[in-house]
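The block underneath contains the structure these notes are about, expressed in structure tokens.
The values are calculated or read from the model by the stated rules, or taken from the named source; none is laboratory data. Since we're looking at a predicted model, the values are computed, not measured. Neighbour counts run over all protein chains shown; Cβ positions are idealised from the backbone, glycine included. SASA here: full protein model, heavy atoms, side chains in, ligands and nucleic acids out. Shrake-Rupley method; radii C 1.70, N 1.55, O 1.52, S 1.80 Å.
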Amino acid sequence: MGQDNVTLRVGLLWHSLRAGNLGVGALTLANMAIVRDVANELGVNVRFVVISMREGFTESIAPDVEQFEIDTRSLLKPGGYARLLDRLDCVIDIGAGDSFADIYGAKRFAFLWLSKFIAQAKGKPLIFAPQTIGPFTKPAYKPFARKVMRNSAAVVARDRTSLQAVNDIAPGADAHLAVDVAFMLPFEDRSHQRRAGKTRVGINASGLLCDQAESGQNRFGLSYDYLALQRRLIEHWQGEEGVEVHLITHANSAGDKRDDDGHRADLLAKEFPGTVRVPNFAGPSEAKSYISGLDFLVAGRMHACIGAFSSLTPVVPIAYSRKFAGLFDLLGYSWYTPVTGLDEDAAFAFVLDAFARRDTLRTDEQAGLAKVDALMDGYRDVVRREFGALMPSTR
């Protein structure tokens, strides 16, 4: 198309480049791959600036990509985030995957909302990349959410419940359905390691959910004790001949042990000698590559589940919010524990039944993956349209 000398400067908002946050990091790397593919198709170059909360406690997963860290000062002062926007052509906002909602509190919502509002006030096209939208159960949040969604170039939901939330809260917004971009995360396929000797079972015990259970807070309203279930599963599989338990981390927080999978994995490894405490991963692709070599995974982190699903590792996601049902129902995959409705015995029995039927789970994953690429086309079309409008020949 004769546009090879054109470079579009894209801000990736509420993404992450830090190895401690593999879930959002998976979104970042996969989203960059999708956007680059569209740019290449259009014959233009793309340069990214990743915009995130301050989280410099771990190494960058893509050190060649510019990162801008938002805190209250940089978000509010004219020479901070606003000045960065002056050198960007557009903003692609992924909302950390699920954070454009009221369930994480007023401060987090205010950060996410204000960053969108400032970009729009500066005249920058803003695309909501595929993400969970809502829930918005508190009326005070809805007018703010409505305003930025209506003023966005497009709002792309990663499940039907979120799409309905957009249409209910912000009728008239340019709303689309896609699927989580992390399905596109590149990885090294290690499936040849499955069934080579011992059956390798992965346990991704969410540090956050374990702490909630241990403290008795249960903020997400699970109908059983999450930590008790993890212990029971580990104890059961350690008693099974030929089974090896691998403790997998997918979210690490040096500043908050309550939300650190690594801290919890260390405690469980000490409690259950003989388990394999898998070292923290250098990046999301490394995590997905390792998971692809497991025979089975039980995971509390959404993107550990997606890493397993998209590498055809049988997985039981442990749901703690509606985002799990929204995503996996979209793909016709029913092998997740619901937030409510099961006690500990029933949840334990469900996981063991899934383990016994691993071939069925893999077949269901294959059927789900057949839907992913077509769903992702909805997002690709949005990016293609907006990039086309930014190219000099169309301005």
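Whether any residue in region 88-105 is among the hydrophobic types (A, V, I, L, M, F, W, C), over 24 Å from Leu177 (Cα atoms) and open to solvent by 40 Å² or more (accessible area, probe 1.4 Å) is what I want to check.
no
Looking at region 343-351, can you tell me whether even one residue there is over 12 Å from Phe309 (Cβ atoms), assigned to a helix (DSSP H, G or I) and either in contact with a Ser or Thr (Cβ under 7 Å, 6 or more places away or on another chain) or at pLDDT below 95 (or both)?
Looking through region 343-351, at least one residue is over 12 Å from Phe309 (Cβ atoms), assigned to a helix (DSSP H, G or I) and either in contact with a Ser or Thr (Cβ under 7 Å, 6 or more places away or on another chain) or at pLDDT below 95 (or both).
Kindly indicate which of Val35, Val50 is open to solvent by less than 10 Å² (accessible area, probe 1.4 Å), touching a residue at least 40 places away in the same chain (Cβ under 8 Å) and either in contact with a Leu (Cβ under 9 Å, 6 or more places away or on another chain) or under 30 Å from Gly207 (Cβ atoms) (or both).
Testing whether each residue is open to solvent by less than 10 Å² (accessible area, probe 1.4 Å), touching a residue at least 40 places away in the same chain (Cβ under 8 Å) and either in contact with a Leu (Cβ under 9 Å, 6 or more places away or on another chain) or under 30 Å from Gly207 (Cβ atoms) (or both) leaves just Val35.
Take the conditions more than 22 Å from Glu244 (Cα to Cα), in contact with a Pro (Cβ under 9 Å, 6 or more places away or on another chain), crowded, with 23+ Cβ neighbours inside 10 Å and not acidic (Asp, Glu) and apply them to Met376. Does it pass?
So Met376 does not fit the description; no.
Taking the conditions exactly as written (modelled with pLDDT of 95 or more and open to solvent by 30 Å² or more (accessible area, probe 1.4 Å)), does Asp64 satisfy them or not?
no
Give me the residue from region 290-310 that is farther than 19 Å from Cys210 by Cα and open to solvent by 10 Å² or more (accessible area, probe 1.4 Å) and, out of that set, nearest to the chain's Cα centre (by Cα).
The selected residue is Ser310.
How many of the residues in region 329-363 are touching a Gly at 6+ places or on another chain (Cβ under 8 Å) and open to solvent by less than 40 Å² (accessible area, probe 1.4 Å)?
3
Would you be able to tell me the number of residues in region 193-219 that are of a type in the set (S, T, N, Q) and part of a strand (DSSP E or B)?
2
Conditions (1) at pLDDT 95 or above; (2) among the acidic types (Asp, Glu); (3) open to solvent by 10 Å² or more (accessible area, probe 1.4 Å); (4) over 21 Å from Leu85 (Cβ atoms), marked per residue:
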site	(1), (2), (3), (4)
Pro125	yes, no, yes, no
Phe128	yes, no, no, no
Gln131	yes, no, no, no
Ala157	yes, no, no, yes
Gln164	yes, no, yes, yes
Asn167	yes, no, yes, yes
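If we scan region 139-153, do we find a residue that is of a type in the set (Ser, Thr, Tyr), open to solvent by less than 40 Å² (accessible area, probe 1.4 Å) and closer than 16 Å to Ala170 by Cα?
Checking region 139-153: at least one residue is of a type in the set (Ser, Thr, Tyr), open to solvent by less than 40 Å² (accessible area, probe 1.4 Å) and closer than 16 Å to Ala170 by Cα.
Which condition number in (1) assigned to a strand (DSSP E or B); (2) open to solvent by 50 Å² or more (accessible area, probe 1.4 Å) is the one that Gln366 fails?
It fails just one condition, (1).
Search region 220-260 for residues being in a helix (DSSP H, G or I) and at pLDDT below 95, and hand back the single one that is nearest to the chain's Cα centre (by Cα).
My answer is Asp259.
Please indicate, with yes or no, whether at least one residue in region 43-63 is assigned to a strand (DSSP E or B) and over 30 Å from Ala287 (Cα atoms).
No, the conditions are met nowhere in region 43-63.
Quick test for you: out of Lys257, Lys270, pick the one residue that is open to solvent by 50 Å² or more (accessible area, probe 1.4 Å), among the basic types (Lys, Arg) and within 26 Å of Ser321 (Cβ to Cβ).
None of the other options fit; the residue is Lys257.
Determine which member of the set Ala228, Ala182, Ala205, Ala173 is of a type in the set (Gly, Ala, Ser), more than 27 Å from Arg258 (Cβ to Cβ) and open to solvent by less than 70 Å² (accessible area, probe 1.4 Å).
The conditions single out Ala173.
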